[in-house]
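Below is one structure, written out as structure tokens; the observations come after it.
Here, each number is a calculation from the coordinates, and none is a lab measurement. For clarity, every value in this text was computed on a predicted model and none was experimentally measured. A quick note on method: Cβ atoms are made from the backbone with ideal geometry, for glycine too, and the neighbour counts reach across all protein chains shown.
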Amino acid sequence: MSKMMKKWEVLSQFRIQNSEFRINNLIEILLKNRNIKTKKETEEFLNPDLDLVTPKSVGIDELQLEKALKRIEKAVKKKEQIVVFGDYDVDGITGSAILWEKLYEMGAKVLPYIPHRVDEGYGLSSKGISNLQSQISNVSLIITTDNGIVAQDAVDFANSKGIDVIITDHHVADKKLPDAYAIVHTTNLCGAGVAYLLSKELKSKSQPRRDPRTKDDNHLELAALGTIADLVPLTGANRAIVKNGLEKLCKTKRPGLMELFKQAGIDREIFTTYEVGYLICPRLNATGRIGSAMDSLRLLCTNDRNRAESLAEKLELINKERQMMMRDQVLQAIEETRDKKQEAKSLLFAASKNYNQGVIGLIAGKLVEKFYRPAIVLSVGEIYTKASARSVSGFNLIEFLRSFEKHFINVGGHPMAAGFTIETKKLDSFQKALEQKAEEIIDEDILKRKLKIDCELEFPYIDTSLHKAIQNLSPFGMGNPEPVFMTKGVEIKNVKTVGALGKHLKLELGIRDKELWIDAIAFGLGEDFADLKIGDIIDIVYTIDENTWNGNTKLQLKVRDIKDE
């Protein structure tokens with residue numbers, strides 16, 4: 001009866017026995033699994049120092065940085081019109097807010113500009129530059145955030161108009177770099193992280209007698225938002241930004257964020273990467289998906305409480321509209337994928353005129369989640385088609401797509417997520433070429449869903465002290481997953497399906513001989529394991545969590561998978 005579809009991979013074969021259990025032993029195992037072995041590495045991981053996050057430490061070219069700083073200083077001094085040219089996702093919005101606020105504080109003549117997803121597309125473009133020129137006169141300097149590293153044609157266009165371009169970006173660069181005035185680039189941070197470091201350097205230059213990393217750093221919280229939203233590895237510099245930034249977010253005085261927390265029902269006493277990633281970021285992202293991302297930028301930057309409340313309410317409505325749209329289109333994509341019975345088993349390819357450009361990335365993510373294959377979803381237009389793609393671990397998506405570069409009008413992204421524009425008339429031949437190449441190069445093992453387990457753990461050692469020690473490894477996310485454990489041979493004392501359509505399982509699990517029972521919740525496993533019954537003996541994979549209900553807090557297991565045979 002087992003519906004287990006994942007391959008369980010136990011990272012540490014060391015099994016903690018009754019007589020030798022120490023919390024420190026377990027923490028050492030968890031750190032080793034995250035490739036943290038030395039005393040120095042452990043100290044830096046557990047106590048990340050934001051002061052050590054510098055342009056040099058993350059690989060930003062110092063000569064290019066100095067060139068950018070001097071050009072910005074000149075523009076501020078001469079009151080040149082500067083435009084911060086962002087992106088319509090959370091990373092781009094937060095990065096734009098950081099740079100706009102910093103330049104405004106310095107007395108610059110500066111305005112933000114975020115392109116419209118449908119009308120102008122992603123990143124710096126000739127059309128975007130022309131549009132901003134029609135709205136903002138005498139622009140002489142554009143500073144990009146979270147885009148620009150592959151915008152060769154757009155930079156050439158700007159240069160022809162007498163506009164200097166400073167690129168700040170973190171995406172993978174082409175072999176040929178744009179002919180920009182300066183390029184502040186690293187792939188070790190997100191876009192907001194790059195903007196944050198540039199803003200600190202500007203602060204240091206404009207206030208040389210003050211440490212740029214003082215407690216009045218009100219941009220760290222925005223950098224943390226962008227870092228979590230963009231799913232970059234939460235290690236090294238990113239970990240320092242997020243760990244320290246979450247503390248800032250808990251105490252933020254930004255009216256926009258405070259109203260956003262209220263709309264999302266967030267308790268700031270319990271604030272983790274989960275609340276940011278699943279409650280805050282979708283609301284900020286929604287405007288760029290089906291509207292204008294400028295509203296999200298305005299929300300972050302406003303000091304007016306009433307304005308903040310109004311904008312937060314608007315974002316809430318837009319996000320609900322986005323959820324409904326996405327729900328319908330995901331169902332369509334899943335059905336189309338099943339109906340096609342595609343010959344290419346290694347790559348999913350879903351194209352429709354009905355798919356909204358703003359949610360195709362989310363649809364691709366849902367297809368990967370459902371079928372565990374790299375997925376490309378295309379919003380088909382009359383002349384041009386926009387696409388968004390998501391990958392599985394072990395398959396470098398952007399490298400794969402760039403091997404077909406001659407097909408694209410533009411392409412960019414990361415190993416796990418990418419997007420491109422293509423002429424609609426080329427779609428059929430393009431799809432065949434992609435599917436054929438995917439069949440040749442994607443190893444079957446990559447397409448097996450895997451569940452990585454830190455180690456085996458016995459129930460008697462699961463207590464509040466252990467949970468507290470594990471939380472010292474937070475924040476959790478890409479590159480630093482929440483610790484996952486396996487326990488074999490536990491008995492079901494109680495079980496029932498819960499949630500809409502019985503999608504989830506609520507269980508009470510434990511060891512009868514020791515009268516030791518722990519509550520557990522298995523999200524999304526209700527259908528697969530609906531016939532589990534009291535008395536069944538199962539193996540489980542889980543994380544350790546706390547659940548608060550009616551003012552009472554107790555430990556709860558979040559079950560990731562079940563094996564009952």
Let me spell out the model: positive unit charges on the Cβ of Lys and Arg, negative unit charges on the Cβ of Asp and Glu, origin at the Cα centre of segment 432-550. What dipole size does that give, in debye rounded to 20?
280 debye
Per residue of segment 500-511, what does 6.51 cos²θ - 1.76 cosθ + 1.60 with θ = phi - 60° give for ³J(HN,Hα)? Whole Hz please, x for Gly and Pro, Karplus curve as stated.
4, 6, x, 6, 10, 10, 10, 10, 10, 10, x, 10
Hey, how many Å between the Cα centroid of segment 75-126 and the Cα centroid of segment 254-274?
25 Å
Could you please state, rounded to a whole Å, how far the C-alpha centre of segment 33-49 is from the C-alpha centre of segment 514-565?
31 Å
When DSSP assigns beta bridges and you keep just the ones with both residues in the chain, what percent turn out antiparallel, to the nearest 5?
60 percent
GluC sites (Glu not before Pro) restricted to segment 451-520 and DSSP loop, no more than 11 other C-beta within 10 Å
Glu515
Amide H neighbours of Ile409 under 5 Å, counting only residues 5+ apart in sequence or on other chains, H built in-plane at 1.01 Å?
Thr421, Ile422, Glu423
I need the helices of the chain that pass two filters: whole DSSP H segments spanning 24 Å or more by Cα along the axis, and mean Kyte-Doolittle score no lower than 0.0.
none
Given Ser134, Ile60, Leu30, which one lies farthest toward the positive end of the charge dipole of the chain, if we put +1 on the Cβ of every Lys and Arg and -1 on the Cβ of every Asp and Glu?
Ser134
May I ask for the distance between the Cα centers of segment 50-70 and segment 356-375, given as a whole number of Å?
36 Å
Holding the Cα-Cα limit at 20 Å, pick out from Lys203/Lys251; Lys314/Lys503; Lys533/Lys563; Lys7/Lys514; Lys386/Lys426; Lys109/Lys203 the pairs that are longer than that.
Lys203/Lys251; Lys314/Lys503; Lys7/Lys514
Along segment 542-547, what does the Karplus equation 6.51 cos²θ - 1.76 cosθ + 1.60 (θ = phi - 60°) give for ³J(HN,Hα), rounded to whole Hz, x for Gly and Pro?
7, 10, 9, 9, 10, 10
Low-density loop GluC sites (Glu not before Pro), segment 307-397, at most 12 other Cβ within 10 Å, DSSP non-H/G/I/E/B, are Glu343, Glu382
Using unit Cβ charges (K, R positive; D, E negative) and no other charged atoms, how large, in debye to the nearest 20, is the dipole of the chain about its Cα centre?
940 debye
Report, in listed order, any pair from Lys6/Lys353; Lys175/Lys200; Lys78/Lys248; Lys78/Lys200 with a Cα-Cα distance greater than 23 Å.
Lys6/Lys353; Lys175/Lys200; Lys78/Lys248
For the chain, convex hull volume per residue from C-alpha positions, Å³
166 Å³
Which order do the peptides 401-409, 174-182, 417-425 take when ranked by the mean count of other beta-carbon atoms within 10 Å per residue, highest first?
417-425, 174-182, 401-409
For Ile143, list long-range residues whose amide hydrogen, built 1.01 Å from N in the peptide plane, is under 5 Å from its own amide hydrogen.
Val83, Val84, Phe85, Ile166
Other-chain or far-sequence residues with amide H under 5 Å of Tyr384's (modelled H):
Thr424
Nearby aspartates and glutamates by direct alpha-carbon distance to Lys79 (threshold 14 angstrom, same-chain neighbours under 8 apart not counted)
Glu105
Normalised by the number of residues in the chain, what is the relative contact order in percent for Cα pairs under 8 Å and 6+ residues apart?
14 percent
Scalar couplings 3J(HN,Hα) for segment 180-189 by Karplus 6.51 cos²θ - 1.76 cosθ + 1.60 (θ = phi - 60°), nearest whole Hz, x for Gly and Pro, are 7, 4, 7, 10, 9, 9, 7, 9, 8, 10
With runs of 4+ DSSP H residues as the only contributors, calculate the mean residue ellipticity of the chain at 222 nm using -39,500 (n - 2.57) per run, divided by the residue total and rounded to the nearest 500.
-12000 deg cm²/dmol
